[in-house]
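Data block below; observations after.
Rule-based calculations on the coordinates, nothing more; no lab input. None of these values were measured; they are calculated from a predicted model. Reconstructed Cβ throughout: ideal geometry from the backbone, glycine too, with neighbour counts over all protein chains shown.
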């Protein structure tokens, strides 16, 4: 006597329904996996997720590890794939010293020397602005307060070592322009022997 098969033959419709259910299970598993990966990434399991700039830097103190030039410096906190964070001072523009294929500008070395003496290897406090925290080169924009509480951005303008940059809005823009006027009248720093050929475009348009 022949044994009957242990399974009954499925109809075409039943086979079709079984395939649909399998595909549904596979899709559900894939979706669940994607959600878990997303949650793990947000939790930083695949590497530390960087906080927003305001939470990470605003009103916090860091050590200056390098001075690029008068208006640009590096602090001791890694930023993305770099071991430091590059800071561009809000509202002040010092003469160029390290710009590629660009000559060193008048009073640029003096501005760099001033920032090095004032800030290098010292703790500085950063103040960021909520409307804009980075420039087009992805440098952090900040007011930088020195250990004695003085604002480096302001000190550079008062000493005639940099220009009050009018191109971008910030809370101290008007104050910086007024301080530049006073430094210019007092012939401080680069204003003692002006070199208009080195002036930035925004200044020669005034």
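Points to keep in mind about this one:
- Order of 174, 179 - criterion: other Cβ atoms within 10 Å of each residue's Cβ, fewest first: 174, 179
- Relative contact order for segment 53-204, counting Cα pairs under 8 Å that sit 6 or more residues apart, in percent: 23
- q = 0.09, 0.11, 0.15 Å⁻¹, segment 53-204: log10 I(q)/I(0) [Debye, one scatterer per Cα]: -0.26, -0.39, -0.74
- Computed P(r) (all Cα pairs; segment 75-144; 10 Å bins; percent): 17, 45, 35, 3
- Ordered by the count of other Cβ atoms within 10 Å of each Cβ, fewest first, 191, 17 give 17, 191.
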